[in-house]
Amino acid sequence: MPETTLCALHQVTLVSEPAEILYGVHAAGRNFEDARTGLFPNSFLTISGGCFYSPDYPKHKQVMCCRSCREVERSWTNLMNRPFSETFD
Ligand SMILES: [Zn+2]
């Protein structure tokens, strides 16, 4: 096990934080996948738990993530969720 792992993008140490586990089939979308790869590769705000769900399954899991990536993902998500008319004011 490596002692520390750095976010290749932000050069900060990854920390253990909870991620929300998503079950079922998710269409995150091409835009999200592109943004994640380029902007927040170590965010892991959500992770896939597989296609099946049972109420017994855990809702969160500790993951090693980059806090800078998480901030970027939240900002990116807020931007994408804004009404279209506000985006280009
Ligand atoms: Zn990062």
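Taken together, the values in this text are just the output of simple stated rules run on the coordinates, not laboratory data. Worth saying up front: this structure is predicted, and the values here are computed from it rather than measured. Cβ sites come from the backbone with ideal geometry, for glycine too, and all protein chains shown count toward neighbours.
Results, tabulated for the structure shown:
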| item | result |
| --- | --- |
| Dipole moment magnitude, nearest 20 debye, segment 15-87 about Cα centre, only Lys, Arg, Asp, Glu C-beta charged | 60 debye |
| Pairwise label distance in nanometres, residue 67 with residue 20, each label 7 Å out on the Cα-Cβ vector | 2.1 nm |
| With 5 Å bins from 0: P(r) over segment 15-87, alpha-carbon pairs, percent | 3, 15, 21, 23, 19, 12, 5, 1, 0 |
| Separation of the residue 74 and residue 47 label points, Cα + 7 Å toward Cβ, nm | 2.0 nm |
| Loop-located GluC sites (Glu not before Pro) in segment 1-73, at most 13 other Cβ atoms within 10 Å (DSSP) | 3 |
| In Hz, Karplus ³J(HN,Hα) per residue of segment 37-51 (6.51, -1.76, 1.60; θ = phi - 60°; x = Gly, Pro) | 4, x, 10, 9, x, 10, 6, 6, 5, 9, 9, 7, x, x, 7 |
| Cα-projected label distance for residue 6 with residue 32, points at 7 Å along beta-carbon direction, nm | 3.0 nm |
